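Student: Once you've had a glance at the structure underneath, I'll fire off some questions.
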Amino acid sequence: MHSTANIRWLADISLADRAMVGGKGGSLGELKRADIEVPPGFVITTHGFEHFLAALEEDNSIRSHVEALRDLKEISSFSAHVRARFERTSLPPDVYADIVAAHAELCGSNLNFPLAVRSSATAEDSDNASFAGLQETCLWVKGAEAVLKSVLTCWASLYSAASISYRRERHMPEDGIAIAIVVQKMLDVRSAGVMFTRSPLTGDRSVITVEATWGLGSALVSGEVTPDRFVIAKITGEISVREISDKPIQHVPAQAGGIKLVETPEELRGVPSISDAELKALAEVGRKVERHYGRPQDIEWAIDRSGEILLLQSRPETAWSGKQRSPVAKPVENPLLHVMNIFGGRR
């Protein structure tokens, strides 16, 4: 697989490359190095973004202007202006050519193979900041031209009102803030969700909490469906909590690209979206990831229709890791306390 200044393949990167491939890209590369299954793909590096941004800044500096913004009205106005400029500006020729070549290499003989185009900001999922939910993700993108359009959408999302406001509230310098793009093959997903390798509610590290739903995980993230919830003991593998929700809808691929909302077949609505065997296999993957990183993780996962488990992201768990006190719960306490729906605003 051919790498350039603008393109790096997941197999060739790690968290040490975060400045070049962003938090998500670095995490996915790190997972591959740890022999964890992730969908194949590549990253459009921050070099490509910087090249594109430099052309825009010939007329007027975007970064210095962002640092001078004082209130939400100014932020909203400037965000709309910058994002419109992104949409009107062509990609630099070398960036365009490298993306098209990498797309062809990833897709092989099927150039319309559906892909996920995912933002990967350089400061996201770090110990001091989390950009989760602030940048765009485009799913089931088909064809090189659609990928190129999605790249511009993801780049522009770095200057959404929400993203700018987040940085201004924390007085983050704009120099060094950049965005890479992860491009991966989409899975034929049967079930998807999230896994926490400690209780997100109580901080108990002896359990793993899993939330799952039918179809793509975007329905869960958006809050459109209440997921099934499980709590699993790390040592024994015992499933101590099993809450099966009514799941009336799910997100599935749209034929023309993108995703659509459909009704869940009646016979599946109240059925667990993940089996006990899959839960235990997923928990083992979670333990392996936690051991690799040496700290609790917040993991996005999917199971394809063949039953294979793949990870879509792993980031440091932040609800408890930053606290300088002991967890409030003990393993013997009511395990129902370990279940919590925190999907109000994550991607």
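Student: Among 219-228, 104-113, how do they line up by average Cβ neighbours within 10 Å per residue, starting with the highest?
Tutor: Listed from highest to lowest mean packing, they are 219-228, 104-113.
Student: While we're here: With 10 angstrom as the radius, rank Val262, Val194 by how many other C-beta atoms surround their C-beta, starting from the fewest.
Tutor: Values: Val262 14, Val194 23.
Ascending Cβ contact count within 10 Å gives the list Val262, Val194.
Student: On to the next question. Between Ala254 and Met1, what is the label-point separation in nm under the 7 Å Cα-to-beta-carbon projection?
Tutor: 2.9 nm
Student: Oh, and also: Per-residue ellipticity at 222 nm for the chain, helices alone: DSSP H runs ≥ 4 residues times -39500 (n - 2.57), over residue total, nearest 500 deg cm²/dmol? Could the numbers behind the result be given before it?
Tutor: Working: 10 runs with 114 residues, N = 347.
Calculated mean residue ellipticity at 222 nm is -10000 deg cm²/dmol.
Student: Give me the extension gain from His81 to Ala162: residue separation times 0.36 nm, minus the current Cα-Cα distance, reported in nm with one decimal. Could you put the intermediate results ahead of the total?
Tutor: Values: separation 81, 0.36 × 81 = 29.16 nm, distance 1.45 nm.
Once the chain is fully extended between His81 and Ala162, it gains 27.7 nm.
Student: Calculate the FRET efficiency for Arg305 and Glu284 from the Cβ-Cβ distance with a Förster distance of 22 Å, rounded to the nearest 0.05. Each step should come with its number before you reach the end.
Tutor: Working: r = 21 Å, r/R0 = 0.95.
Efficiency for this residue pair is about 0.55.
Student: Calculated FRET efficiency, Asn60 and Thr236, Cβ-Cβ r, R0 41 Å, to nearest 0.05?
Tutor: Working: r = 61 Å, r/R0 = 1.48.
The computed FRET efficiency comes out at 0.10.
Student: What order do you get for 26-32, 157-163, 52-58 when each peptide is scored by the mean count of other beta carbon atoms within 10 Å, highest first? Numbers along the way, then the final one.
Tutor: Numbers: 26-32: 25.4, 157-163: 20.9, 52-58: 14.1.
Highest mean packing first, the order is 26-32, 157-163, 52-58.
Student: Quick one: net charge of Leu187's neighbours, Cβ under 14 Å, K/R +1, D/E -1? Walk me through the intermediate numbers first.
Tutor: Details: positive: Arg118, Lys185, Arg190, Arg305; negative: Glu37, Asp188, Glu300, Asp304, Glu308.
Local charge sum for Leu187: -1.
Student: Still on this structure, please answer the following. Within region 296-316, whose backbone N sits under 17 Å from a point 7 Å along Cα→Cβ of Asp35?
Tutor: 309-311
Student: Still on this structure, please answer the following. Return one number: the angle in degrees, 0 to 90 and rounded to the nearest 10, between the long axis of the Cα atoms of helix 276-293 and the longest principal axis of the Cα atoms of the chain.
Tutor: Helix 276-293 sits at roughly 50 degrees to that axis.
Student: On C-alpha positions alone, give me the angle between the axis of helix 46-56 and the longest principal axis of the chain, in degrees, nearest 10.
Tutor: It is inclined by approximately 40 degrees.
Every read-out reported here was derived from the displayed coordinates using simple, explicitly stated rules and does not represent laboratory data. Here the structure is a predicted model, which means the values were calculated and not measured. So basically every Cβ, Gly included, is an ideal-geometry build from the backbone, and we count neighbours across all protein chains shown.
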